[in-house]
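The values are calculated or read from the model by the stated rules, or taken from the named source; none is laboratory data. If you're wondering where the values come from, they're calculated on a predicted model, not measured in any experiment. Quick reminder, even Gly has a Cβ in these numbers, built from the backbone with ideal geometry, and neighbours come from all protein chains shown.
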Amino acid sequence: MKNSILFMIFVFILAGCEGNVRIKIAENGSGDDDKESTDTDSGDTGNTGDSGDSGNTGDTGDTGDTGNTGNSGDSGDSGNTGDTGNSGDTGNTGNTGDTGNTGNTGDTGNTGNSGDTGNTGDTGNSGCIGNGLDEDGDGIDDNCDNCPASFNSGQKNTQNDGIGDVCEAPFNYDLLSQITVFEPFIDQQPSWSPTGGTWNYGSSEMSISTSPYGQNNNYFYELPDNNYSIETTFHFNESDLSGNSYAGVLFAIQENNWHTCLFRRDNNELAIWRYAGGSSIGFVKGATATAPATDDQIHKVRVFYNGSEIRCSFMDEAGGTGEVVISGGDVQQDMSGRAGLRVYNERTVYTSFVVYQ
């Protein structure tokens, strides 16, 4: 660059000298003026175009490479170091500590209370003294049976109370919880108070013959004013009696006032009756029972009282059934009192009597 500038200065000096010469020549002969003008070296000034070499300064554009510094953005990858945070998951191992809750299984130790199930044995009186009788033929002595008048060899007891499922009120398992009286007619004759007829007690049955009138036999046990059930099983020992022959249970026996649930064998009627003094009892409500059983097969009559409603039900050994229900004004305010048996114009053999509460 420096050499170029020196060269240009040299050219200008030389040109200046030549110009003077030319002027001098022109002065010597005017006829050559046009020729001198044609030879003017001022055209050489075009060499000044060499200054275009300054375009090399464009190389400074290479400074654009500095844009590569953008690669420093890769340092953002260092953010992956955040993954190390996953090591925190190792903390989950601490959950293994929950296994300690397995210690709650120790509560299962409460199952030891199942030893109380031994009490269920009390229901069956596992330590009971048997009476040598098996009323329902299920292989369990009456004194050890949680439902002695109904077959239940499995002794299923969902409520874990004193009554097997078969003997619970079918419409409400919570209604009853214990058997308070079970009479197989073998050793409790002093507990009975007959009003008439011929009652023959013993040999695990009690037979009664009444004709033509009805007679009662009351058991000395006081019922509460709610939640109880009275049941009896029986069969007829003669079939030659005419109409109006009934057998069943008494309940809510009070002075000059009692109720009865009776099955009439000559027309298969099941009915609730009430005595309120006088010479006769009043009919309350009845229904026809299906009763295909023969006279020597077992029949069962049962009453349920829940404080506001009375249900009188019937079933027999052959599958016969029936039910009568009364409530409201048909149920007197006080239904406490004793319970017992009633027969009218009939010869009947009772085989069991049960009171549930």
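Remarks
- Within the range 310-325, being surrounded by fewer than 20 Cβ atoms within 10 Å (Cβ to Cβ) and more than 34 Å from the chain's Cα centre (by Cα) holds for Glu317, Ala318, Gly319, Gly320.
- Test for Thr288: is it closer than 15 Å to Ile272 by Cα, hydroxyl-bearing (Ser, Thr, Tyr), assigned by TED's automatic domain parsing to the domain that holds Arg265 and free of Cβ contacts under 8 Å to residues at least 60 places away in the same chain: yes
- For the range 291-309, filtered to residues that are under 38 Å from the mean Cα position of the chain (by Cα) and surrounded by 15 or more Cβ atoms within 10 Å (Cβ to Cβ), the residue that is farthest from Val354 (Cα to Cα) is Asn306.
- Any hit, the range 176-195, residues being crowded, with 21+ Cβ neighbours inside 10 Å and outside any loop (DSSP other than H, G, I, E, B): yes
- Filter result (farther than 19 Å from Leu223 by Cβ, of a type in the set (A, V, I, L, M, F, W, C) and assigned to a helix (DSSP H, G or I)) within the range 152-175: Val166
- Applying the criterion of at least 1 residues that are within 29 Å of Asn143 (Cα to Cα) to the strands (runs of 3 or more DSSP E) found wholly in the range 204-298 leaves 205-223, 228-236, 246-254, 257-264.
- Every listed requirement among (1) of a type in the set (Val, Ile, Thr); (2) closer than 17 Å to Ala252 by Cα; (3) modelled with pLDDT of 95 or more is met by Thr321 save one, (2).
- When the range 143-185 is filtered for residues that are on the phi > 0 side of the Ramachandran plot and either not aromatic (Phe, Trp, Tyr) or not assigned by TED's automatic domain parsing to the domain that holds Tyr305 (or both), the ones remaining, listed by number, are Gln155, Asn160.
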